[in-house]
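Q: Please read through the structure below; I'll follow up with questions.
Just so it is clear, none of the values below were taken in a lab; they were calculated from the coordinates. Predicted model only: the values in this text are computed from it and were never measured. Here the Cβ is made from the backbone with ideal geometry for all residues, glycine too, and neighbour counts use every protein chain on show.
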Amino acid sequence: MTLRQVDLSRRRFFRAQTRNAVTHFRLPFIIGEKHFAAHCSQCHACVDVCETHIIELDADGLPYLNFTKDECTFCGVCVDTCPEPLFRARDEAPFSGMLNIKQTCLAKQQIFCQSCADSCDQQAISFKYLTSIPTPEVDQQACNQCGACISVCPNQSTELINTQEQDYAIR
């Protein structure tokens, strides 16, 4: 039995949908969004092996990471399980993105909260005492976009922004 490649552009055409810019993160270490969308066979093996159960499927049936559930540990099991050549070397950064803390952050509203910093193993989030309630600051260089700060935020004020603009060179 052979898997038929699903033509996503045709599927979107019949649903009258256009592909928007990717705002979420695919699996770590992918070559790029275009390459991923074109070559993912949608076997969904990655969904079953994710140790933190954060891999879900979007409307097109492509896997993405739902950081509202938990964090990515970069264990690499999804990469190892995937039968397709979708990934680059693991010695590079897993994602291209940045962490944003919205104005709805409790600390920015003068309510004491440091749950995002407490969950960050990279210590990319620190709190600066400018007033009696410290405000968060993000060290983008230290942030590895694991998403640990997303699920613990009581106000859903932390978000990862995908900054990947183009596909990496295929090696």
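Q: Under a point-charge model restricted to the Cβ atoms of Lys and Arg (+1) and Asp and Glu (-1), what is the dipole moment magnitude of segment 64-171 relative to its Cα centre, in debye to the nearest 20?
A: Working: 7 positive and 13 negative charges, 64 e Å.
It works out to roughly 300 debye.
Q: With a Förster radius of 41 Å, plug the Cβ-Cβ distance of residue 39 and residue 102 into 1/(1 + (r/R0)^6) and report the FRET value to the nearest 0.05. Write down the numbers at each step before the final one.
A: Working: r = 34 Å, r/R0 = 0.83.
Plugging the Cβ-Cβ distance into 1/(1 + (r/R0)^6) gives 0.75.
Q: Using the structure shown, select from 34/69; 69/108; 108/128 the pairs with a Cα to Cα distance greater than 21 angstrom.
A: Among 34/69; 69/108; 108/128, the Cα-Cα distance tops 21 Å for 34/69; 69/108.
Q: Just report the Cα centroid separation between segment 68-132 and segment 138-158, whole Å.
A: 4
Q: When a/c reaches 1.5 or more, the comparison of a/b and b/c decides; with that in mind, is segment 76-171 rounded, prolate or oblate per its Cα gyration tensor? Intermediate values should be presented prior to the final figure.
A: Numbers: a/c = 2.80, a/b = 2.52, b/c = 1.11.
Because a/c hits 1.5 or more and a/b exceeds b/c, segment 76-171 counts as prolate.
Q: Same structure again: Going by the alpha-carbon gyration tensor, a ≥ b ≥ c the square roots of its eigenvalues, is segment 16-143 rounded (a/c under 1.5) or, if a/c is not under 1.5, prolate (a/b greater than b/c) versus oblate?
A: On the way: a/c = 2.45, a/b = 2.01, b/c = 1.22.
It comes out prolate by the Cα gyration axes.
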